[in-house]
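Heads up: the structure comes next, in structure tokens.
What follows is calculated from the coordinates using simple rules that are stated; it is not laboratory data. Note that the structure is predicted; figures quoted are calculated from it, not measured. Using ideal geometry, Cβ is built from the backbone for each residue, glycine included, and neighbour counts are taken over all protein chains shown.
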Amino acid sequence: MSQDVLAGLAVILEEVAGVDPADVTPEKTFIDDLDVDSLSMVEVVVAAEEKFSVKIPDDDVKSLKTVGDAVSYIQRAGVAA
């Protein structure tokens, strides 16, 4: 499951922010490592919500610093949904 989420996020990050999917690993930070700005992050979140059928409130988005944080969050939210 986590590999599916990671692969899905890699596709979204490539489409939204032009990030090379090979660079999308759990320890990478969105802002510092992948150069995803706040506007692109909003687009990433919206795309992830649609792709994974989860809701990510704005307050929670602020706590998603790394790709791994997002994968874990989406897995938890998906299980809870």
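Odds and ends about this structure:
- Per-peptide average of other Cβ atoms within 10 Å, ordering 23-34, 51-62 highest first: 23-34, 51-62
- A simple spin-label model places the labels of Asp4 and Glu27 2.7 nm from each other, with each point 7 Å out along Cα-to-Cβ.
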